[in-house]
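*Asks:* Quick one: the structure is below, questions incoming.
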Amino acid sequence: MTQFWRSAARVVKAGGTVALWARTGMSVDPAKTLNGAAIKAAVEEILNSELHQYYKQGNTLTRDLYVDLPLPWTIKTPVTGFDKSGFIRKEWSHNTETSETEALGTGKTLTPEEFEKLMGTSSPVARWREANPDKAGTEEDVARKVRRRIESLLHEVGVEPGEELLRGRTEFVLLMVKKKGEERT
């Protein structure tokens, strides 16, 4: 990010803004899914234990909504010219029990099978499958384990087999870093 911020300092006009946006992959909405808090916790536990080593820095930065993204004043050699006091960070639905992204149209009702397929498109799962070709697509597949755990937790609260549904959501962050205006004399 050092080179990015140096380049931004050169090309962004005085008073201009650098806007950075990221979204997470689909996750379980605990407020709109039966047994949602338990399902969300179980999914996160499996992902953290099974996929941790398959996350790259970019995956972690976006999953965590850029919380550790280097900013012009936090990098080893700070880039001057940006207004730290005017920094804006806006998150939608991160670590909340409510679903404020609903108005953005990012929520989706899914079957556990659809959730498994969605998970299968993520880079960490793809890397896990490359490292575990004998388990990919079987009951030992990390995405299949998540699906089976979701189904089990839905059954625990009375959902019948074949009727399992969950609500997924995507979380967002917007970072706005303003370049200082020209000083007038």
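*Asks:* Calculate, in nm to one decimal, what Val11 and Asn48 gain on full extension: separation in residues at 0.36 nm each, minus their alpha carbon distance. Don't skip to the end; give the middle numbers.
*Replies:* Values: separation 37, 0.36 × 37 = 13.32 nm, distance 3.91 nm.
Extra length available between Val11 and Asn48 comes to 9.4 nm.
*Asks:* Just order 115-123, 154-162 by mean Cβ neighbour count inside 10 Å, highest at the front, would you?
*Replies:* 115-123, 154-162
*Asks:* Let me ask another. Return the distance in nm (one decimal) between the two label points of a simple spin-label model at Gln3 and Asp64, each offset 7 Å from Cα along Cα→Cβ.
*Replies:* Taking the two extended label points, one gets 2.3 nm.
*Asks:* What residue among Val146, Val173, Val67 has the largest mean-square fluctuation in a Gaussian network model of the chain, using Cα springs under 10 Å?
*Replies:* Sorting by GNM fluctuation, first place goes to Val67.
*Asks:* A follow-up question, please. Quick one: plug the Kirkwood hydrodynamic radius of the chain (C-alpha pairs) into Stokes-Einstein at 20 °C, 1.002 mPa s, and report D in µm²/s.
*Replies:* 115
*Asks:* Contour minus end-to-end for Ile88 and His155, with contour as 0.36 nm per residue of separation and end-to-end as the Cα-Cα distance? Mind dumping the intermediate values first?
*Replies:* Numbers: separation 67, 0.36 × 67 = 24.12 nm, distance 4.26 nm.
Using 0.36 nm per residue and subtracting the Cα-Cα distance, I get 19.9 nm.
*Asks:* Let me ask another. Quick one: give the max-minus-min coordinate of the C-alpha atoms of the range 1-93 along each principal axis, largest first, in Å.
*Replies:* Extents along the principal axes, in whole Å: 50, 29, 18.
*Asks:* Using 14 Å as the cut-off for backbone N distance, which residues of the range 149-169 belong to the label zone defined by a point 7 Å from the Cα of Thr109 along Cα→Cβ?
*Replies:* Counting backbone N atoms under 14 Å from the label point, the list is 163-168.
*Asks:* Another question, then. Between Thr138, Thr170, Thr109, which gets the highest mean-square fluctuation from a Gaussian network model of the chain, Cα cutoff 10 Å?
*Replies:* Comparing Thr138, Thr170, Thr109 in the GNM, the peak value goes to Thr138.
*Asks:* Evaluate the distance, in nm, between pseudo-label points positioned 7 Å from the Cα of Leu20 and of Thr121 along their respective Cα→Cβ axes.
*Replies:* Taking the simple label geometry, Leu20 and Thr121 are separated by 2.5 nm.
*Asks:* Another one. If you plug each phi of the range 131-147 into the Karplus form 6.51 cos²θ - 1.76 cosθ + 1.60 with θ = phi - 60°, what whole-Hz ³J(HN,Hα) values come out, in order, with x for Gly and Pro?
*Replies:* With the stated coefficients, the range 131-147 comes to 7, 10, x, 6, 9, 4, x, 9, 5, 8, 5, 4, 5, 5, 4, 4, 4 Hz.
Values in this text are rule-based calculations from the coordinates and carry no lab data. The shown structure was predicted, so the numbers you read here are calculated from the model rather than taken from an experiment. We place every Cβ from the backbone using ideal geometry, glycine too, and count neighbours over all the protein chains shown.
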